[in-house]
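What follows is a short report on a single structure.
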Amino acid sequence: MPVVSAETVVPVDPATAFAVSQTTGVVRRRWDPFISEQHFLDGADAPAKGVRTFTRQRLGLEMVSSYVSYAPPTNVGMVMESGPWFFEKLGGGWRFTAVPEGTKAEWKYNFSCRPAWLAPIAEWIGARVLGFEIRRRLAGFARGCSDPVVLAAVRD
């Protein structure tokens, strides 16, 4: 199962970095270039272990995922429940660790593709595409951690 990861250091404390990572709606779209829509499902109004979310990626791909861990301000994890036909499995985890410069954010995803006969090439391509998307998304997160509008939203 391929694993892709990226990390960056942001100039805020872990609690703030974690809060930025969990923003939704207009605030989330200020920093997250990956999504065009994201919201909680089943009446949930905040993230927590077991909460499900709907995400539409900027190119139109859709996914329902659920939180398998939620431990502010250090880590959060999710797994895909349903999504694009080519993903057999997809899971991700985001970890936030205090460092002298602020917070190290490390985002890691693992996945497998289907059908089995296509998986070797699809996973090779997927590791590159998903790696690019994660690095792009993490760069957006770093900008969000310096954006006064985003920071004001998480401090309210």
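For the reader, a short list of remarks on this structure follows.
- Label corresponding to Cα Rg over 2.2 N^0.38 Å when calculated from the structure given, among (1) 1.41; (2) 1.46; (3) 1.02: (3)
- Net charge contributed by nearby residues that have their C-beta within less than 11 Å of ALA71 (K/R +1, D/E -1): +2
- Reduced Cα scattering model of the stretch 1-58, Debye log10 I(q)/I(0), q = 0.14, 0.17, 0.24, 0.30 Å⁻¹: -0.50, -0.73, -1.15, -1.21
- A Cα-only calculation for the stretch 68-140 places Rg and Dmax at 14.4, 47 Å.
- C-alpha long axis of helix 119-144 to longest principal axis of the chain, angle in °: 10
Where a number appears in this text, it was derived from the coordinates with a stated rule and is not lab data. Keep in mind the model is a prediction, meaning the values are calculated, not measured. Note that each Cβ is placed from the backbone with ideal geometry, even for glycine, and that neighbours are counted across all protein chains shown.
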